Amino acid sequence: MTSRTALTRHPFAIAGALIATASAVVFITLTIGIVAGLFEHNPYAGLVVFVAIPALFVAGLLLIPLGMRLQRRKLERNPSTDADWPVLDFRRASVRRTALAIAALTAVNVVIILLAGYGSLHWMESPQFCGQVCHAPMHPQFTAWSSASHAHVACVDCHIGEGAGAFVHAKLAGVRQLVHVATGAVPKPIPPGADMPPGAQARTCASCHRPSRTGGDIIRTIREYADDESNSETITTLLMHVGVGSSASRAIHWHADPAVRVEYVATDAERQTIPYVKVTDAAGRVKEFRAEDTTDQAVSAGTRHTMDCVDCHNVVGHPIAATAEQAANRAIAELPANHRLPFARREGLRLIKDSYPDEDAARAAIDRELRKFYGSRQDSAEAALNQTIASFQDAYRRNVFPAMNVSFGAYPDNKGHVTSAGCLRCHDDSHVATDGSKISGDCEYCHKQLEQPF
C-alpha cells in the first residue's frame, strides 16, 4: 500500500504546500495590517490582500492533491506497488494525530477562504475599488465624486439597488466592465448612468432626501464674474419653490411625491428629447401631454420611463462643470475678495479652456502662464497669485480628463435650464393635453428672481 508520505513527495505537492503555507501567513499578517489601518490610503491593498494572495492560497491547496494523484500514478506503474485504498485505523495514535492535524488545517483553510471572500466582497464595494483600481476609466467620476456633496456616500449605495436581483445585476455588469477594461473597449466618455438598475436611484435618494421632509422655499445665489480688470461680480438670487409649504401653489419636488406618478417617453439614450408625458395625480386622475406634431409611432418607438430623482439631479454624484465659464466663476468665487487679481477670471478661463495632453501638462501651463502674465505687474501679491493658480489648477483637475474625452459639458446637467434643456425638456409650453392644458414654461412656475439676496 502506498503511504501518504510517499504521495506527498511529488514536486507539485511540495510546491503546493509551500505556496499555501506562505500565502496563508502573508494573508493573516496583511489582514491584521489592514485592520490596523496601515494600508488605508493604498487603493491596491485590497486587490493584493483579498484577491491575489487568496488566489495563490487556493492554487497551492489544489496543487497538493494534484501532486499526490500524479505521484500515485507514477508509483502505480510499478507492478509491485499495492494501489488499494489506505486503511484508517483510529486505534493507532499516529492515525489519530494525522486525522486531527488534517481536520485542524482544513478548518484553518476554510476560515482563511471565508475571510478572503468576505474581505474581497467588502473591498470591491468600496469607492477606492470603483474609482482607483480601474484608474483611467473611472478617474473622472471618482475625482468629481471626491469633491462633491455626496463624497461621504459610497458608490454602491447609489449604483446597486435593493435585493438579490440588483446585486446579481451589478456583479454581471462589473464582469462586463472588467472585460471592457481588459480588451480596451471602454467607451470614452463613460455613458451617464451606465448599468444602473431601474429605480435604484429613487430608493437611494429617498433614504435621506424624502420629499415629505422638504419644505417651503429656498434661496439660491448664483455668482458670475466678468472678464474686465476688476472681475466684476453679478449676483442672481432666486427664490426656489421646492417643497411642501412653498409660498407658491406648486413645488418642484411635486415630481417626486410618492402619491404622484409621472411617466415619460424619451427618444434618445440621454433622455434629452421627451415628446410624451403622462401624469397620474394623487386622486388617480390621468392626463397625457404631447409635444407638437408627436405621433403615436414616435411614442411607441421611444423608451418609457417613470420619473425619479435623477431625471433632474442627474449629475449630483459626479458633477462636471457644464461650461468652462461656470468652472472659472466657481474658481474666482472660492478666492477671498481681496485676493482676486486683475483680469484673473479672463486669464484663468483662457488657460483652462486650452487643450493639454494630461493633467500634469495643464497644471504646469496654468502655473507658468499666470506667473508670466502677472510677473510684470506691481499689484500681484505672491499669496494672491499662488491662490489664483491653485484655484484654476483645481478647476481643470475636477472637470477635464483628456484620456477619457471628458471635459466641460460632457454630461448635461438637467437641474435647471441654462446650460442644457433640463427642465425645458417638458416645461416648454409645447406639451399639450387633449383638454388644451399645457406643461407650463413660465419661469416663475418654479422660481422667482429677487432683486437682492437676503
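The values are calculated or read from the model by the stated rules, or taken from the named source; none is laboratory data. This structure is a prediction, so every number in the text was calculated from the model and none was measured. Cβ: placed from backbone, ideal geometry, glycine included. Neighbour counts: every protein chain shown.
So which helices (runs of 4 or more DSSP H) are wholly in the stretch 320-387 and hold at least 3 residues that are over 25 Å from Thr419 (Cα atoms) and either in contact with a helix residue (DSSP H, G or I) (Cβ under 6 Å, 6 or more places away or on another chain) or of a type in the set (Phe, Trp, Tyr) (or both)?
Per the criteria, 359-375.
Has the stretch 282-304 got any residue that is without any contact (Cβ under 8 Å) to a residue 24 or more places away in the chain and in contact with a Ser or Thr (Cβ under 8 Å, 6 or more places away or on another chain)?
Yes, there is a match, as at least one residue in the stretch 282-304 is without any contact (Cβ under 8 Å) to a residue 24 or more places away in the chain and in contact with a Ser or Thr (Cβ under 8 Å, 6 or more places away or on another chain).
Under 7 Å between Cβ atoms, at least 6 apart or on separate chains: pull out the pairs that start in the stretch 228-257 with a residue that is more than 15 Å from His447 (Cα to Cα) and end on any residue that is surrounded by fewer than 18 Cβ atoms within 10 Å (Cβ to Cβ) and among the small types (Gly, Ala, Ser).
Ser232/Ala226
Select from the stretch 384-435 the residues that are more than 18 Å from the chain's Cα centre (by Cα) and of a type in the set (D, E, K, R) and write down the one among them that is farthest from Ile320 (Cα to Cα).
Per the stated criteria, the residue is Asp435.
Could you tell me how many of the residues in the stretch 263-274 are free of Cβ contacts under 8 Å to residues at least 60 places away in the same chain and touching a helix residue (DSSP H, G or I) at 6+ places or on another chain (Cβ under 6 Å)?
1
Suppose the filter is within 30 Å of Pro191 (Cα to Cα), at pLDDT below 95 and not assigned by TED's automatic domain parsing to the domain that holds Trp254; does Gly409 pass it?
Considered against the rule, which asks whether it is within 30 Å of Pro191 (Cα to Cα), at pLDDT below 95 and not assigned by TED's automatic domain parsing to the domain that holds Trp254, Gly409 comes out as yes.
What's the total number of residues in the stretch 238-275 that are over 30 Å from Gln297 (Cα atoms) and among the hydroxyl-bearing types (Ser, Thr, Tyr)?
Total meeting the criteria: 3.
Considering each residue of the stretch 425-454, count those that are surrounded by fewer than 17 Cβ atoms within 10 Å (Cβ to Cβ) and either under 29 Å from Thr295 (Cα atoms) or not hydrophobic (A, V, I, L, M, F, W, C) (or both), and give that number.
Residues flagged as surrounded by fewer than 17 Cβ atoms within 10 Å (Cβ to Cβ) and either under 29 Å from Thr295 (Cα atoms) or not hydrophobic (A, V, I, L, M, F, W, C) (or both) within the stretch 425-454 amount to 19.
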